[in-house]
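In what follows, a structure is listed as structure tokens, so that the remarks can point back to it.
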Amino acid sequence: MATRSKLAVILHADVVGSTALVQKDERVAHERIRNSFRRFSKIIAAYGGITHELRGDALIAEFARASDSVLATLAFQITNTEQNTVFTGDIRPQIRAGIALGEVVIADNTVTGPGVVLAQRIEQLAEPGGLCISAAIHEAVPRRLPVTFKSLGDQSVKGFDEPVRVYSLSLRAGAKVPAPGNDVGSNDAKAAPSTAIPTLPDRPSIAVLPFTNLSGDPEQEYFADGMTEDIITGLSRFRSLFVIARNSSFAYKGKSPDVRTVARDLGVRYVVEGSVRRAGERIRITGQLIDAETGNHLWAERYDRKLEDIFAVQDGVTEAIVAAIAPEIGEVERERAQRKPPDNLDAWTLYQRGLSAYYSSTEEGLRSAIEQFDRVNEVDPTFAPAFAMAAGARWRYVMHFEPAADRSSYLNQAREKANKAITLDPRDPTGLWHAGRVYSLLGHDDVAIAKSEEAVALNLNDAMSRYFLGAALCSAGRSKEAISHIDHAMRLSPRDTYLTGMLTHRAFVLFDLERYEEALDWVQRARLSLNPRSMTFAVLAAVLTKLGRGSGSR
């Protein structure tokens with residue numbers, strides 16, 4: 001069987017104190033443990049999961065939905081407790097479980113990867129007969145389910161450099177576990193499957209439908225499916241997006257569903273769809289992003305490539321599609337926030353309004369952004385992106401509008417806000433690249449580069465992480481190394497709001513390398529782009545001076 005990687009909900013369970021049980025009576029212990037996991041596997045299947053491995057005293061399973069994994073575990077724990085009450089003797093296997101969302105590799109019905117390791121580490125924090133979940137699962141579980149959460153805070157776990165936020169989860173007192181297909185929170189475990197429409201999450205939500213193979217060539221089916229899976233994985237790295245898992249999206253494979261129906265059934269606002277067509281040694285891939293609420297096409301693109309290296313084509317086009325979609329959604333969300341009435345502003349809407357002010361790049365806009373992000377910090381002190389952007393608004397205000405008297409104060413506040421964002425969500429690159437920029441301005445180049453490199457590692461498709469790594473290298477005097485990162489950022493996001501800054505930095509790097517003619521070409525492009533910065537004209541003046549030309553000529 002071919003090896004494949006993807007993002008999945010992973011359940012890891014094991015028997016508490018299995019060695020001690022076996023020492024009491026090896027035959028009885030093994031039989032009872034084996035029967036427990038057989039019952040667990042049946043319940044997992046009933047809730048739409050797949051048991052990949054049964055390894056002595058441990059079980060690994062995969063689910064498409066966080067809610068199904070939670071309900072299957074709770075249903076099993078109830079039956080296991082009941083079963084233990086009828087056992088004679090003191091060999092009563094207690095199972096603890098952990099659930100996490102992470103990247104996994106599946107081959108020959110075995111599953112490995114960081115997602116499995118994370119689920120296992122989280123499971124080890126659970127009480128006997130209990131369940132612990134990661135922060136991503138906590139976010140994804142619908143609040144309509146009859147469950148309660150208890151935060152265990154940030155936990156240091158083996159194999160992970162950054163602390164992991166963990167929650168314990170249990171069935172609400174007096175409630176019953178909803179039956180498979182009925183996760184609406186009814187207390188009747190035998191209720192008929194629900195037709196309730198999932199509520200939209202606070203974050204922008206998106207489903208990627210299987211790309212259609214238009215080639216008439218069955219071999220291209222694998223290519224189309226691989227494209228879809230890679231796009232789902234790539235979008236999932238953007239912490240601002242709620243992305244529907246692969247198994248749910250692939251339920252629509254081979255069908256031609258109405259986009260609005262898909263969005264309603266899956267509880268998403270945005271849908272991506274596309275097609276693959278091969279003709280000889282060329283392949284054409286199309287993709288489009290649709291706002292399911294209005295039916296409007298927000299973005300569409302066509303990619304024509306030679307099939308010299310099919311995997312390189314798949315990787316390159318996937319990168320381009322993923323990098324284009326996230327900014328488009330961000331712009332629509334900001335516009336949506338502006339239309340909301342002032343008396344209906346939650347943390348997400350306030351955050352989007354802060355982004356609108358931030359991207360105005362004016363002195364008044366950045367002051368307003370600082371105020372609005374700080375307000376979000378007060379309304380929701382756990383919302384990491386707002387702390388990251390509160391840092392960003394401050395360093396940009398310092399950089400472009402020089403509040404000389406308060407420069408140190410603003411930068412120190414920015415550093416505190418960025419570090420708070422990293423603490424709240426160490427997997428969100430936004431806090432890291434803002435921290436990198438702040439440390440550059442404070443003169444701590446090594447720290448700035450390290451933070452920026454970590455941001456790139458978390459999301460290879462994030463243009464801003466690439467851009468600010470280039471900026472950090474430039475500030476450290478490593479201009480030659482900076483070029484490739486700035487170029488990659490512009491390739492990832494050729495219509496980025498920060499494009500003027502990218503062009504200006506590209507010119508500055510060339511100036512630093514004494515490649516003045518090239519620098520002039522890039523700074524002229526920056527000057528003619530939207531919202532040229534004061535730094536743009538400073539670089540232009542420096543380049544013209546070096547070339548011995550008047551400020552008004554090329």
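The table below gives the values:
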item	result
For Ala196: the one exception among (1) at pLDDT below 65; (2) crowded, with 20+ Cβ neighbours inside 10 Å	(2)
Strands (runs of 3 or more DSSP E) (entirely within segment 208-324) containing at least 3 residues that are closer than 30 Å to Pro426 by Cα	270-279
Matching residues, segment 78-100, being buried (at least 17 other Cβ atoms within 10 Å of the Cβ) and in a helix (DSSP H, G or I)	Asn80
Candidate set: segment 147-170, residues that are of a type in the set (A, V, I, L, M, F, W, C) and surrounded by 19 or more Cβ atoms within 10 Å (Cβ to Cβ); chosen: the one farthest from the chain's Cα centre (by Cα)	Val147
Answer from Asp217, Asp230, Asp258, Asp225 - the residue that is of a type outside the set (Ser, Thr, Tyr), in the same structural domain as Phe311 (by TED's automatic domain parsing) and within 14 Å of the chain's Cα centre (by Cα)	Asp230
Cross-chain or 6+ apart pairs with Cβ under 9 Å, segment 270-296 first and farther than 26 Å from Pro327 by Cα and without any contact (Cβ under 8 Å) to a residue 12 or more places away in the chain, then surrounded by fewer than 18 Cβ atoms within 10 Å (Cβ to Cβ) and of a type in the set (A, V, I, L, M)	Gly280/Leu307
Test: residue in segment 77-85 that is under 18 Å from Ile133 (Cα atoms), touching a Pro at 6+ places or on another chain (Cβ under 7 Å) and not aromatic (Phe, Trp, Tyr)	no
Conditions (1) among the small types (Gly, Ala, Ser); (2) within 27 Å of the chain's Cα centre (by Cα); (3) crowded, with 22+ Cβ neighbours inside 10 Å; number of the one not met by Ala75	(2)
Boolean, Val259 is more than 16 Å from Val317 (Cα to Cα) and surrounded by 22 or more Cβ atoms within 10 Å (Cβ to Cβ)	no
Selection within segment 1-23 - in a strand (DSSP E or B) and at pLDDT 80 or above	Ala8, Val9, Ile10, Leu11, His12, Ala13, Asp14, Val15
Residue match in segment 24-33 (condition: surrounded by 14 or more Cβ atoms within 10 Å (Cβ to Cβ), modelled with pLDDT under 85 and either within 27 Å of the chain's Cα centre (by Cα) or of a type in the set (Lys, Arg) (or both))	yes
Which listed residue, of Asp487, Asp521, Asp496, is in a helix (DSSP H, G or I), modelled with pLDDT under 95 and within 18 Å of Ala324 (Cα to Cα)	Asp487
Residue in segment 464-482 that is farthest from the chain's Cα centre (by Cα), counting only those that are of a type in the set (Gly, Ala, Ser) and surrounded by 24 or more Cβ atoms within 10 Å (Cβ to Cβ)	Ala482
Answer residue from segment 490-515, given it is over 17 Å from Arg478 (Cα atoms) and touching a Lys or Arg at 6+ places or on another chain (Cβ under 8 Å) and is surrounded by the fewest Cβ atoms within 10 Å (Cβ to Cβ) among those	Met490
Checking Lys546 against (1) assigned to a helix (DSSP H, G or I); (2) in contact with a Lys or Arg (Cβ under 9 Å, 6 or more places away or on another chain), the condition it does not meet	(2)
Failed criterion for Leu241 (all others in (1) within 22 Å of Arg144 (Cα to Cα); (2) surrounded by fewer than 18 Cβ atoms within 10 Å (Cβ to Cβ) hold)	(2)
Residue count, segment 423-450 (criterion: out of contact with any Pro (no Cβ under 6 Å at 6 or more places or on another chain), in contact (Cβ under 8 Å) with a residue 24 or more places away in the chain and part of a helix (DSSP H, G or I))	18
Single residue of Arg284, Arg367, Arg334, Arg302 found to be surrounded by fewer than 17 Cβ atoms within 10 Å (Cβ to Cβ) and within 23 Å of Ala463 (Cα to Cα)	Arg302
Residues that are closer than 17 Å to Phe37 by Cα and in a loop (DSSP other than H, G, I, E, B), drawn from segment 110-143	Pro128, Gly129, Gly130
Arg144 vs. criteria more than 22 Å from Val16 (Cα to Cα), of a type in the set (Lys, Arg) and over 23 Å from the mean Cα position of the chain (by Cα)	yes
Given (1) at pLDDT 85 or above; (2) part of a helix (DSSP H, G or I); (3) surrounded by fewer than 23 Cβ atoms within 10 Å (Cβ to Cβ); (4) hydroxyl-bearing (Ser, Thr, Tyr), number of the condition Thr349 does not satisfy	(1)
Which listed residue is at pLDDT below 90 and either in a helix (DSSP H, G or I) or more than 25 Å from Pro426 (Cβ to Cβ) (or both), from Arg407, Arg394, Arg367	Arg407
Single residue of segment 524-543 satisfying the filter (outside any helix (DSSP H, G or I) and at negative phi) that is modelled with the highest pLDDT	Leu528
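The values are calculated or read from the model by the stated rules, or taken from the named source; none is laboratory data. The shown structure was predicted, so the numbers you read here are calculated from the model rather than taken from an experiment. Positions of Cβ are backbone-derived with ideal geometry, glycine not excepted, and every protein chain shown enters the neighbour counts.
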